[in-house]
Amino acid sequence: MMDATPPIEKLVMFDLDGTIYIGDKVLPGAQKALQWARRNGWHVLFLTNNTRRSASDYANVLQNMGIHCKPQEFILSTDAMIRYLHMTQNMDPLFVVGENPLKNALVEAGFSLTSQMDYIRSVIVSLDTGLTYNTLTIALHALQNGAHFLATNQDILCPSPDRGLPDAGTIIAALQLATGRVVEIVTGKPSIWMADAVHERVGMPFPRCAVMVGDRAETDMALGKRLGATTVQMISPAQRISKYDDRKPHPDFKILSLKDLPAILAQIIPHNSTFGAPK
């Protein structure tokens, strides 16, 4: 009989956009910080609200940046959306305001997609860099007809080298204004659905020594607090493009670069018996 997999003792979770990289450029210190974490026994996960790539695609992106990783280490808001849909009945056919990786993942998970107005039960909004007027109109009319209003995330801007891209939150705001509806479920960071996806991936008991590293208070730091983790906010160039960066919750630590992360991880030890408990 094989022994059970030993529980994870030290977990460090990283945001991607604005923390590990911006655009196609890795940020200073990222490679060395991740190398240090792995070398010192930290289990690594990458958490992102960006649905424009699959886990395998993200792994390839980081590997091309010189960062060792595996697809199994990525948790996307796509995963959290699929988890929600599986736990909620009669939500499809779906109409997706988003890109092909999200659509493909939903189909692979067993859900049907449609653009036929009379059949849409749920509208899912995500980042869509190819957004058209026709797509927005179909979503608008479906919501007016009573379809569920779901979203993978509510980020207003996605970090990019040229001051940011309009993200899902911008599209959500337009649809809310046009319909008078309020989005019902958002599955990405910092939602309970994303936290549950982390718990499912890590297993139980949840590590007493857990750290969340990211650049945004309203998503990364909030999810870290929900998970009971120590929170480390990186004050990166991406922070300057978001008017929400000064929101609570406040992080336990602030750093200017991932070069500073190893020194913080080195001093974090599990000293509280309730540390890391789900909230």
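What to note about this one:
- Listed here are the strands (runs of 3 or more DSSP E) enclosed by the range 28-147 that have at least 3 residues being within 21 Å of residue 184 (Cα to Cα): 94-97, 122-125.
- Subset of the range 221-279 (residues that are modelled with pLDDT of 90 or more and among the aromatic types (Phe, Trp, Tyr)): 253
- So residue 23, is it out of contact with any helix residue (DSSP H, G or I) (no Cβ under 8 Å at 6 or more places or on another chain) and at pLDDT below 90: yes
- Scanning the range 65-87 for residues that are at negative phi, more than 14 Å from the chain's Cα centre (by Cα) and open to solvent by 10 Å² or more (accessible area, probe 1.4 Å) yields a count of 8.
- Filter pass, residue 42 being under 22 Å from residue 197 (Cα atoms) and touching a residue at least 40 places away in the same chain (Cβ under 8 Å): yes
- Residue match in the range 195-202 (condition: at pLDDT below 95, within 30 Å of residue 260 (Cβ to Cβ) and in a loop (DSSP other than H, G, I, E, B)): no
- Summed over the range 23-36, the residues that are surrounded by fewer than 21 Cβ atoms within 10 Å (Cβ to Cβ) and either under 14 Å from residue 69 (Cβ atoms) or not charged (D, E, K, R) (or both) give a count of 7.
- Selection within the range 136-171 - within 24 Å of the chain's Cα centre (by Cα), under 22 Å from residue 84 (Cβ atoms) and open to solvent by less than 30 Å² (accessible area, probe 1.4 Å): 139, 149, 150, 151, 152, 153, 155, 158, 167, 168, 169, 171
- Residue match in the range 149-162 (condition: in contact with a helix residue (DSSP H, G or I) (Cβ under 9 Å, 6 or more places away or on another chain) and more than 29 Å from residue 26 (Cα to Cα)): yes
- Restricting the range 1-12 to residues that are in contact with a His (Cβ under 9 Å, 6 or more places away or on another chain) and not β-branched (Val, Ile, Thr), the residue that is modelled with the highest pLDDT is 11.
- Criterion violated by residue 90 - all others in (1) open to solvent by 10 Å² or more (accessible area, probe 1.4 Å); (2) within 26 Å of residue 228 (Cα to Cα) satisfied: (2)
- When residue 126 is tested against (1) open to solvent by less than 30 Å² (accessible area, probe 1.4 Å); (2) among the polar types (S, T, N, Q); (3) farther than 23 Å from residue 195 by Cα, exactly one condition is not met: (3).
- Taking every residue in the range 181-208 that is farther than 19 Å from residue 171 by Cβ and pairing it with any residue that is surrounded by fewer than 19 Cβ atoms within 10 Å (Cβ to Cβ) and among the acidic types (Asp, Glu), at least 6 positions away or on another chain, the pairs with Cβ-Cβ distances below 7 Å are 207/9.
- Residue match in the range 74-89 (condition: of a type in the set (Lys, Arg) and farther than 17 Å from residue 201 by Cα): no
The values are calculated or read from the model by the stated rules, or taken from the named source; none is laboratory data. Keep in mind it's a predicted model, so treat the numbers as computed, not measured. Cβ: placed from backbone, ideal geometry, glycine included. Neighbour counts: every protein chain shown. SASA here: full protein model, heavy atoms, side chains in, ligands and nucleic acids out. Shrake-Rupley method; radii C 1.70, N 1.55, O 1.52, S 1.80 Å.
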